[in-house]
Amino acid sequence: MRTCPGASDWCARNCYNGDTSGEVVFNRPLWFANERHARENPEGLGRVILRQLADAARGATPPVVAVRVHSSGDFFGERYVSMWRDIARAVPQHLFWAYTRSWVIPAMLPAFDELRRLPNFQLFASVDHTMGHPPAGWRVSRVRDPRVPGTEAEQPRPKVRQIACPEEYREGIDCAKCRFCLLPRTGDVIFNVH
Ligand code: SF4
């Protein structure tokens, strides 16, 4: 939770990385080491990530890497957001995308706006049914909770394309094939709680 300053109470209760049942084994020491690195030396971590991207792109055809920023956790401060801005600026050939609830922190919005202006970075305001409306102009990712009456019937925003993430219901589809979130087109995405 300390890396998710914008998490709603609903999000904290339903976090898919908050499993304490023991069914899923997370590499928590690695998580904590990464977090320490990000807080204490984001510029150094940025250099490490750029080297990893160069390695990943070598031999790829075409040499383009798509980076989903955070499979869990979130942007926890402006300096950390700026680290991702600098990374994305340094490698405009690569594609980045992320979902964040930290849009609820007003002090972070200017840093987010810099990130959102980059053509190779798609940033979604992540929301659930307990949250308010994200700032105008953002792409939105909405989590639908079928256990809560009414959230099934979430209507698209006027004039904004909206899709249900096909990875959740179509065999063989993943982000590399779908690409809806990676590419700079306007559109919102809906996920089921998982
Ligand atoms: S909508 Fe497409 S790109 Fe976005 S998360 Fe789902 S499969 Fe990936």
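The values are calculated or read from the model by the stated rules, or taken from the named source; none is laboratory data. Being a predicted model, the structure only gives us computed values, none of them experimental. Here the Cβ is made from the backbone with ideal geometry for all residues, glycine too, and neighbour counts use every protein chain on show. We work out accessible area using only protein heavy atoms, side chains counted, and drop any ligands, DNA or RNA first. Shrake-Rupley method; radii C 1.70, N 1.55, O 1.52, S 1.80 Å.
Build a GNM of the chain with springs between Cα atoms under 10 Å apart, and of Ala66, Ala57, Ala88 the one that fluctuates most is Ala57. The loop-placed chymotrypsin sites (Phe, Trp or Tyr not before Pro) in the range 1-88, going by DSSP, that have at most 12 neighbouring Cβ atoms within 10 Å of their Cβ come out as Tyr16, Phe26. If a/c stays under 1.5 just call it rounded; otherwise compare a/b with b/c (prolate if a/b is bigger, oblate if not). Do that for the range 81-194, with a ≥ b ≥ c from the square roots of the Cα gyration tensor eigenvalues. Oblate is the answer for the range 81-194, as a/c is 1.5 or above yet b/c matches or exceeds a/b.
For the range 1-121, with all protein chains present and a 1.4 Å probe, just round the carbon and sulfur fraction of the accessible area to a whole percent.
The value for the range 1-121 is 55 percent carbon and sulfur by accessible area.
Counted as membrane-span-like here are DSSP H helices of the chain whose alpha-carbon atoms extend 15 Å or more along the helix's own axis and whose Kyte-Doolittle mean is 0.0 or above; these are 42-57. Full extension of the segment from Asp174 to Arg13, taken as 0.36 nm per residue of separation minus the current Cα-Cα distance, would add 55.3 nm. Which residue fluctuates the most in the chain, going by a Gaussian network model with Cα springs under 10 Å, if the choices are Pro62, Pro92, Pro135? Judging by the Gaussian network model, the answer is Pro62.
Here the chain was treated as a single set of alpha-carbon atoms; its pair distances binned every 10 Å from 0 give 8, 33, 39, 18, 2 percent. Report summary: the helix-based calculation at 222 nm, which adds -39500 (n - 2.57) for every DSSP H run with n ≥ 4 and divides by the residues of the chain, gives -9500 deg cm²/dmol.
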